[in-house]
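The values are calculated or read from the model by the stated rules, or taken from the named source; none is laboratory data. For clarity, every value in this text was computed on a predicted model and none was experimentally measured. In this analysis, Cβ positions are derived from the backbone assuming ideal geometry, glycine residues included, and neighbour counts consider all displayed protein chains.
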């Protein structure tokens, strides 16, 4: 037990992310070659055929020829640049950790421009593809569109935070942006791993299982990374809490009611519904438990800022089922989806959208606190002065 406690888990996580990203980069860049030139090598398909079976890969390939063929050039742009983003992400992370400012800024500009162009290619594909023709159906199409919007907005807010000299907010938005991008390599890992746990499923069915928790997993990872970097116990100008216990209790009560509705709905849809339900509940429960414990420990340690951020994300997670149920009703009525597909779409995007909202609220907390300081001491509270102080504080605790 003591050995486990002494392990530098932050370093282990960083190495794991770098390995996954660099391993996925060539897969992303070659993934669509066979659609442009039949028989062309594709590293990812070669690996999957040996990990699962050649038939598993061939069946999935056959269903994609039509939908991908209508948007092949934009998709190739998206996938090749997506592979480049997998390389640029670790460069951004390591250059920030090692304080290589010039390299960090240059690679940051390249990273952001690449995000915009890559997501533009994905947007063209989604616009030309009927939701029902997506690789996993309409729920998967809706999740892809939501990830696209979240990625672009996160990158944009990250740029604005950097220009406004909010380095702490910049790092949060860029980590969230990269979290959304990590859905791609994690999905490929599930293509290889889930057939061993759930034999007999096609790759499209694996996609339906994966969307139940991928959004939750990646935004949780981004939050853990943000909190690992920002070890401050307080933030200038931030006092009290926007999430007192009554607010937390109301959010949890509403979330529990919505979660009960989700459980009852999926349970009534037989074996497939229960499979999707457990794919959602297990990661959700683990994330909820970690956030609850972390905010409690931060409160006991007197780390007010850490407790506030954990609580904001805890409220967002609790409210995610409410959002999912509401959007499911909207998708069912406005898009004409069946009840199970509509609910799967709502569940698939719920945690990601609410985590984005929580990150925005964290940013508002920081900006509001600094504005209070500026008004109280105009000479000493200029944005530039606050930025210098914040940079010094972050360097001391990183």
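Miscellaneous remarks
- Candidates 291, 277, filtered to the one that is in contact with a helix residue (DSSP H, G or I) (Cβ under 9 Å, 6 or more places away or on another chain) and farther than 24 Å from residue 198 by Cβ: 291
- Enumeration of residues in the range 27-39 that are part of a helix (DSSP H, G or I) and exposed (fewer than 15 other Cβ atoms within 10 Å of the Cβ): 36
- Residue 87 assigned to a helix (DSSP H, G or I), touching a residue at least 24 places away in the same chain (Cβ under 8 Å), within 27 Å of residue 201 (Cα to Cα) and under 20 Å from the mean Cα position of the chain (by Cα): no
- Residue match in the range 308-325 (condition: buried (at least 22 other Cβ atoms within 10 Å of the Cβ), at pLDDT 95 or above, over 17 Å from the mean Cα position of the chain (by Cα) and more than 29 Å from residue 157 (Cβ to Cβ)): no
- Residues (touching a residue at least 40 places away in the same chain (Cβ under 8 Å) and at negative phi) located in the range 237-255: 238, 239, 241, 242, 243, 247, 248, 251, 252, 254, 255
- Residue match in the range 336-356 (condition: surrounded by fewer than 18 Cβ atoms within 10 Å (Cβ to Cβ), more than 27 Å from the chain's Cα centre (by Cα), modelled with pLDDT under 95 and more than 24 Å from residue 287 (Cα to Cα)): yes
- Matching residues, the range 90-107, being surrounded by 18 or more Cβ atoms within 10 Å (Cβ to Cβ) and without any contact (Cβ under 8 Å) to a residue 60 or more places away in the chain: 91, 95, 104, 107
- Residues in the range 127-144 that are more than 16 Å from residue 210 (Cβ to Cβ) and within 19 Å of the chain's Cα centre (by Cα): there are none.
- Residue list for the range 47-67, restricted to those being part of a helix (DSSP H, G or I), in contact (Cβ under 8 Å) with a residue 24 or more places away in the chain and surrounded by fewer than 21 Cβ atoms within 10 Å (Cβ to Cβ): 47, 51, 56, 59, 60, 61, 63, 64, 65, 66, 67
Residues checked against (1) over 20 Å from the mean Cα position of the chain (by Cα); (2) assigned to a helix (DSSP H, G or I); (3) surrounded by fewer than 12 Cβ atoms within 10 Å (Cβ to Cβ):
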{"position": "228", "(1), (2), (3)": "no, yes, no"}
{"position": "234", "(1), (2), (3)": "yes, no, no"}
{"position": "237", "(1), (2), (3)": "yes, no, no"}
{"position": "264", "(1), (2), (3)": "yes, yes, yes"}
{"position": "275", "(1), (2), (3)": "yes, yes, no"}
{"position": "281", "(1), (2), (3)": "no, yes, no"}
{"position": "285", "(1), (2), (3)": "no, yes, yes"}
{"position": "289", "(1), (2), (3)": "no, yes, yes"}
